[in-house]
Amino acid sequence: MHHPGQPEKIDDMHLRIDRPRRSRSQLGFGMAEAMAATFVFTVGMAGVFTLQKVVIAGTASATDLAIASNLAGSALEQLHLSDYESVVGSSTCPPVATRDLACYFDKQGAVVASAADAYFTRTWSATPDVVAQVTDVAVQVVWQFGILSDAAGPTPHTITMNGRVYPR
């Protein structure tokens, strides 16, 4: 009589050892399962890397927009504090008169000497309305954002703030 786990006698010369039978769930991973798991992991990681690139670009874009808004707002504020009669015409870059505000700024918003070193360029224009005795002022900041640029190069961005200067 044969007992499980005991050798089974086939004949006098050969012995066969019975191995306990394993169910399909105990056999482990096969090649197909391993390849499928690798594929799912790879697709997931590609999605994570793509999402990370978009998040980094969005953060950089928001930072640039905040700096550009601050540059435009500070120029508008300085023009509001100027004499009504002196706020005419437009800015010149580089500044040639004391009334001209700085034009060129680096990526952090600090003043730089030339357009070649600039990330942001700020200009302004003033249009007097003699009848209403106000001067309409527009301040524009332009910068090149290049993280998500295409083959044509960085994408130009512009922010414009408008205001009025009144006589005191």
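Each value in this text was obtained by applying a stated rule to the coordinates, not by laboratory testing. Keep in mind that this is a model prediction, so the values were computed, not measured. For neighbour counting, all protein chains shown are included, and Cβ atoms are generated from backbone atoms with ideal geometry for every residue, glycine included.
A Förster radius of 30 Å, combined with the Cβ-Cβ distance separating residue 158 from residue 55, puts the computed FRET efficiency at roughly 0.80.
Taking 0.36 nm per intervening residue step and subtracting the Cα-Cα distance, what contour gain separates residue 85 from residue 41 on full extension?
Values: separation 44, 0.36 × 44 = 15.84 nm, distance 6.74 nm.
Residue separation times 0.36 nm, minus the Cα-Cα distance, leaves 9.1 nm.
Per-residue Cβ neighbour counts within 10 Å put 137, 55, 88 in the sequence 55, 88, 137, beginning with the fewest. Here the Karplus relation 6.51 cos²θ - 1.76 cosθ + 1.60, evaluated at θ = phi - 60°, turns the backbone of the stretch 131-139 into coupling constants of 5, 7, 6, 9, 10, 7, 10, 10, 10 Hz, with x for every Gly and Pro. A simple rule links phi to the HN-Hα coupling: the Karplus curve 6.51 cos²θ - 1.76 cosθ + 1.60 with θ = phi - 60°, which for the stretch 55-60 gives 5, 5, 5, x, 5, 5 Hz, with x for Gly and Pro.
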